[in-house]
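As structure tokens, the structure follows; a few thoughts come after it.
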């Protein structure tokens with residue numbers, strides 16, 4: 001089990017989604033559809049099982065108690081979404097990045113990976129996402145969270 005990362009975990013259209021970046025919580029919580037379920041906001045930890053990455057609510061670790069996979073909220077992660085800010089957005093649609101380009105993925109998630117940490121955890125994150133069954137998505141900045149939420153819910157199936 002890893003230490004806590006700064007990210008959100010959601011179930012969107014029955015798919016496990018790890019969300020990092022800008023406007024992550026409010027967009028997914030309010031605008032990705034009624035079937036969306038929030039697993040954890042801001043505090044997530046991970047466990048790797050074969051080629052699956054399992055995300056857990058990091059609140060248990062913050063409270064310094066062991067995580068119990070039978071009772072603590074968790075989900076197998078199918079997608080990692082990196083919500084882009086206005087300056088990072090180069091095209092309007094959602095882009096999928098291939099897992100071959102791990103360096104780009106890790107670099108774009110670096111703030112969330114190392115947030116408030118005394119050490120650099122990019123190698124740990126790279127190890128967690130390498131050889132995994134995860135799709136990596138770049139979500140563009142949009143004029144409204146409603147538009148961004150619809151983009152996400154229409155893409156994730």
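Values quoted throughout were computed directly from the atomic coordinates according to the rules given, and no laboratory measurement underlies them. Just so it is clear, the structure is predicted and the values come from calculations on it, not from any experiment. Because the Cβ atoms are built from the backbone with ideal geometry, glycine has one as well, and the counts that use them run over all protein chains shown.
The DSSP beta bridges internal to region 5-152 are antiparallel in roughly 70% of cases. Modelled this way, with points 7 Å down the Cα-to-C-beta line, the labels at residue 38 and residue 14 are 2.4 nm from one another.
For the pair residue 22 and residue 68, label points projected 7 Å from Cα toward Cβ lie 4.1 nm apart.
Largest mean-square fluctuation among 15, 135, 107, in a Gaussian network model of the chain whose springs join Cα atoms under 10 Å apart, belongs to 107.
Centroid-to-centroid, using Cα positions, region 3-20 and region 79-157 are 11 Å apart.
Subtracting the Cα-Cα distance of residue 47 and residue 147 from 0.36 nm times their residue separation leaves 32.8 nm of extension gain.
With the simple spin-label model, which puts each label point 7 Å out from Cα in the Cβ direction, the residue 114 to residue 101 separation comes to 2.1 nm.
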